[in-house]
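The values are calculated or read from the model by the stated rules, or taken from the named source; none is laboratory data. The structure displayed is predicted, hence computed values, not measured ones. Note: accessible area is taken over every heavy atom of the protein model, side chains too, but ligands, DNA and RNA are not part of it. Shrake-Rupley method; radii C 1.70, N 1.55, O 1.52, S 1.80 Å.
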Amino acid sequence: LETNAPNVSCNLYLTPPGSARAFESHMDWMDVIVLQLFGEKNWSVWLDPMIKMVPPDLKRKPTLDEMKSSPFHNVLLQPGDALYIPRGHLHNATTPELGNLSLHLTFGIEFGFETTMEALIHLSLVAFAEENSLA
């Protein structure tokens with residue numbers, strides 16, 4: 001994995017079988033890439049970001065209404081599969097009911113000021129186009 005991001009973190013998660021969940025539904029302030037190493041894991045990823053420009057210091061749980069506000073996509077990861085989750089997208093993961101334990105790596109990609117400014121300009125142009133019926 002090559003990136004120009006100033007910081008990339010990596011966490012290893014081992015989850016027991018039987019619909020176990022490591023975390024409640026949440027969003028990350030950084031982009032995330034998941035690499036499934038062993039077993040399987042069911043991921044639910046919301047299609048729309050809950051917050052488009054998530055600040056690093058944002059610490060709060062989504063409300064039930066927020067969790068129902070966007071459709072989500074379900075994905076079953078098996079060994080060797082990878083999943084990209086953009087920052088701000090709610091997600092959660094569980095092991096299958098009748099399965100084995102699950103082992104995966106999560107790479108958190110922290111982009112710097114330049115990337116954040118590029119995203120802010122892009123979102124501003126999209127909002128302008130939508131408000132002025134240009135999209």
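Once the chain from residue 11 to residue 82 is taken as fully extended at 0.36 nm per residue, the excess over their C-alpha distance is 24.1 nm. Close amide H partners of residue 102, meaning residues 5 or more places away or on another chain with modelled amide H under 5 Å apart, are 15. If you sort 102, 124 by accessible surface, 1.4 Å probe, largest first, the order is 124, 102. Built from the Cα atoms of segment 25-98, the convex hull projects on average onto 5.1 nm², one quarter of its surface area. When the accessible area of segment 59-105 is split by element with a 1.4 Å probe, what percent falls to carbon and sulfur? Ligands and nucleic acids excluded, carbon and sulfur give 58 percent.
Determine the order of 131, 66, 24 by accessible area, beginning with the largest, at a probe radius of 1.4 Å.
Details: 131 150, 66 50, 24 110 Å².
Result of the area sort, largest leading: 131, 24, 66.
Within the full protein context, the accessible area of residue 65 is estimated at about 120 Å² for a probe radius of 1.4 Å.
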